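Colleague: Have a look at this one before I ask anything.
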Amino acid sequence: MGRESSNEIKTRRKKRRVIVLLALLVVGIMFGPRLRSIWDLKQDISVLENQKAALLKRNAELTQMEKKLQSQEMIEKLAREELGMIKPEEKVIIKVIPEQEPDKAY
């Protein structure tokens, strides 16, 4: 009933190490795939947040453009430039550029 021998102590330590390693292995097997899924989801969230920020910025730009296009000045400008429309009291002056004759080759 005396002291334990050093061999017995070493054997117990080895058993404890093996048990701890097996426990870590079991925990790794059980939770490893879940941790990987969580990691992947966090990456997806990051990508989606970046896309959301870009889309919000684009939406603000389009809203501003819509307001600008609906202004009376822009409607008039587009009617003049795109459709060639004029106001009733205006006269259109068209600058005619004479055609140059091609060089005659002899």
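Colleague: With viscosity set to 1.567 mPa s at 4 °C, what whole-number translational diffusion coefficient in µm²/s follows for the stretch 6-83 from Stokes-Einstein and a Kirkwood radius over Cα pairs?
Modeller: It comes out at roughly 69 µm²/s.
Colleague: Still on this structure: How far is helix 72-83 tilted off the main Cα axis of the chain, in degrees rounded to 10, range 0 to 90?
Modeller: Approximately 70 degrees, to the nearest ten.
Colleague: Could you check the spin-label model distance between Glu99 and Ile38? Points 7 Å from the Cα along Cα→Cβ, value in nm.
Modeller: Output for this residue pair reads 8.0 nm.
Since every read-out is calculated from the coordinates, none of them should be taken as a lab result. As the structure is a prediction and not an experimental result, all values here were calculated from the model. Cβ: placed from backbone, ideal geometry, glycine included. Neighbour counts: every protein chain shown.
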